[in-house]
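The values are calculated or read from the model by the stated rules, or taken from the named source; none is laboratory data. Computed from a prediction, not measured in an experiment: that's the story for all the values here. No Cβ is skipped: glycine too gets one built from the backbone with ideal geometry, and neighbour counts run over all protein chains shown. Accessible surface is based on the protein model in full, side chains and every heavy atom, while ligands, DNA and RNA are left aside. Shrake-Rupley method; radii C 1.70, N 1.55, O 1.52, S 1.80 Å.
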Amino acid sequence: MVITNEAVERLVSTLNLNHWLIEKHLEGLSHEQTMIQAPYNINRMNWVLGHIAEHRDWMLRYLGEETLMSDDEVQMYRRGSESLQDDSEAIQVETLLGYLRQAKDNIIAILENAEEEFLAEVPQTAICLENHRTQTRLQRVQGLVWHETYHIGQVDLLRQVAGMNDAILQ
């Protein structure tokens, strides 16, 4: 696989845009508002944000770096985890935002300074989806950035569920 500077630049640009959108969607919201349950079967905004943070930890892991969230924190936001029922069991939204910011900064620093050979390696990780086992570091990070983009669309809808009658992108 040939890795170009343009591919890394597009990935960094998308990660920056995703993070900007997260920050904009959280403006004016309290932790309690991120815990509001919609009247249908979807996750709370807090869970979606924690899930994105958990996946940014995976990006760090694939890039050979230490993760930010504890194992207990990750368990709350992993796919298939039990729904968060009240404020006391969820990570405070400001803490999640801190994880998201720090992970983004770390990921971008790694991507911008990594050698092509490093990004083209297939990382050996204990936990990996079967269809990802042959993917390079860059391909795995690209997939996870796409995954978070999907969830940011949910955050936009959940902002409205939280009582904000506005549009982030107009």
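Can you name the residue in region 36-53 that is without any contact (Cβ under 8 Å) to a residue 60 or more places away in the chain and open to solvent by 10 Å² or more (accessible area, probe 1.4 Å) and is also farthest from Glu117 (Cα to Cα) among such residues?
At the first step, the residues of region 36-53 found to be without any contact (Cβ under 8 Å) to a residue 60 or more places away in the chain are 37, 39-41, 46-47, 50, 53.
Still in the list and also open to solvent by 10 Å² or more (accessible area, probe 1.4 Å): 37, 39-41, 47.
Working: Gln37: 45, Pro39: 48, Tyr40: 46, Asn41: 43, Trp47: 35 Å.
Filtering region 36-53 for residues that are without any contact (Cβ under 8 Å) to a residue 60 or more places away in the chain and open to solvent by 10 Å² or more (accessible area, probe 1.4 Å), the one farthest from Glu117 (Cα to Cα) comes out as Pro39.
Would you mention how many residues in region 59-73 are in contact (Cβ under 8 Å) with a residue 60 or more places away in the chain, in a helix (DSSP H, G or I) and either of a type in the set (A, V, I, L, M) or buried (at least 21 other Cβ atoms within 10 Å of the Cβ) (or both)?
Matching residues across region 59-73 total 2.
Residues being at negative phi, of a type outside the set (A, V, I, L, M) and free of Cβ contacts under 8 Å to residues at least 40 places away in the same chain: count how many of those fall in region 74-116.
Total satisfying the criteria: 15.
Could you please tell me which pairs satisfy a Cβ distance under 8 Å, a separation of 6+ or placement on different chains, a first residue in region 143-165 that is in contact (Cβ under 8 Å) with a residue 24 or more places away in the chain and within 17 Å of Asn46 (Cβ to Cβ), and a second residue that is among the polar types (S, T, N, Q) and part of a loop (DSSP other than H, G, I, E, B)?
Note: pairs meeting the criteria are Gln154/Asn43.
At pLDDT 95 or above, small (Gly, Ala, Ser) and touching a Leu at 6+ places or on another chain (Cβ under 8 Å): which single residue out of Ala120, Ala90, Ala109, Ala103 fits that description?
Working: Ala120 fails: at pLDDT 95 or above; Ala90 fails: at pLDDT 95 or above; Ala109 fails: touching a Leu at 6+ places or on another chain (Cβ under 8 Å).
When all the criteria are applied, what remains is Ala103.
Can you tell me which residues in region 6-29 are of a type in the set (Gly, Ala, Ser) and surrounded by 14 or more Cβ atoms within 10 Å (Cβ to Cβ)? So that I can check it myself, show each step before the final result.
Initially, region 6-29 is screened for residues of a type in the set (Gly, Ala, Ser), giving 7, 13, 28.
Scanning region 6-29 gives a single hit, Ala7.
Would you check which residues across region 90-124 are open to solvent by 30 Å² or more (accessible area, probe 1.4 Å), β-branched (Val, Ile, Thr) and in a loop (DSSP other than H, G, I, E, B) and list them?
Result: Val122, single match.
All but one of (1) part of a helix (DSSP H, G or I); (2) at pLDDT below 90 hold for Ile3; which doesn't?
With respect to (1) part of a helix (DSSP H, G or I); (2) at pLDDT below 90, Ile3 is out only on (1).
Counting just the residues of region 15-39 that are among the polar types (S, T, N, Q) and in a helix (DSSP H, G or I), which one comes out farthest from Thr149 (Cα to Cα)?
If we take residues in region 15-39 being among the polar types (S, T, N, Q) and in a helix (DSSP H, G or I), then Gln33 is farthest from Thr149 (Cα to Cα).
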